[in-house]
1. Looking at this structure, is L91 in the same structural domain as T169 (by TED's automatic domain parsing), modelled with pLDDT under 95, among the aliphatic types (A, V, I, L, M) and assigned to a helix (DSSP H, G or I)?
2. Out of segment 242-251, which residues are within 18 Å of S202 (Cβ to Cβ) and without any contact (Cβ under 8 Å) to a residue 24 or more places away in the chain?
3. Could you check segment 1-85 for strands (runs of 3 or more DSSP E) lying wholly inside it with 3 or more residues that are within 24 Å of I102 (Cβ to Cβ), in the same structural domain as I102 (by TED's automatic domain parsing) and in contact (Cβ under 8 Å) with a residue 60 or more places away in the chain?
4. Which helices (runs of 4 or more DSSP H) does segment 149-215 wholly contain that include 1 or more residues that are in contact with a strand residue (DSSP E or B) (Cβ under 6 Å, 6 or more places away or on another chain), of a type in the set (G, A, S) and at pLDDT 90 or above?
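The values are calculated or read from the model by the stated rules, or taken from the named source; none is laboratory data. None of these values were measured; they are calculated from a predicted model. Here the Cβ positions follow ideal geometry from the backbone for every residue, glycine too, while neighbour counts run over all protein chains shown.
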Amino acid sequence: MQYWQTELADGVFVAAYDNPPTNYMIAPAVAELGELIARWREPDVKAVVLTGAVPDRYITHYSVEELVEMGDDPAALKRAGHDLIYGYHTLLRSLAYLDKPIVVGMTGDTMGCGLELSLNCDIRVAQRGDYRIGFPEVALGILTGTGSQLLARIVGHGRAMDFLMRSRTVDPEGALELGLVTELATDARARAIEIARALADSAPVSVIAAKRVITRGANLPMEEGLKVEAEEWLKTIVTEEAMTRMRDYVAQPFDERRAWVAAHGVPPRPGNATGA
């Protein structure tokens, strides 16, 4: 691939975006992402990491130069616009609904489509440093492609309205406070791979069930969401791995069971809930 450096090791597929010098997203790279998503459905992939290929770069935002060039032919843009935006929706939702855990290592500025892409993933680790995270689209006279709906669901209606209308961007600490990222790290790529490896080694049916109940059920009316959860619970309880793990748990003395859960989950780094 031209724009994604890829590596598969021990079930963890790392895709690092590489479009120097700015790491702007462009149409050919989006097409390659579609090919990658198809690849990630294969059984040898247990978890996915999205990150940047070089230090201090992730996915800065979509190429405004490309959008300006498209806008130079308004008639053509109007004709192609419908397929463009709905095709993009389909791509990102296929990422969100992928039955594999996806961890993002945000190793630099993450704005516009870079943030949209990341919000469609499961766990987001932002790198500490002088980086900006947010949606600059309204300042440019345009709008996010998928960001508004995900933003409102994550940070709430009022904060999302303020964030989007004012084209706000925040530093990594501000993104953590808003809930746009789940933890911070000195090396976001390394931490994302660490989390993905732990997820790949975890109980696969229950990991995917957890993803499904949130992605597919959390935005439904309560009764429908509970039905999704019940269906996923029934898939987990009948697995041999579930019985093995539960038997191992009940074999532990009562005072050691809390440590067992910590050892078998993917906790934050010791002593720091936001990573190190």
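1. So L91 passes the test.
2. M243, T244, M246, R247, D248, Y249, listed by residue number.
3. 12-17, 47-52
4. 172-178, 188-200
Yes/no per residue for (1) buried (at least 18 other Cβ atoms within 10 Å of the Cβ); (2) among the basic types (K, R); (3) in contact (Cβ under 8 Å) with a residue 12 or more places away in the chain:
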| site | (1), (2), (3) |
| --- | --- |
| M165 | no, no, yes |
| L176 | yes, no, yes |
| L180 | yes, no, yes |
| R191 | yes, yes, yes |
| A200 | yes, no, yes |
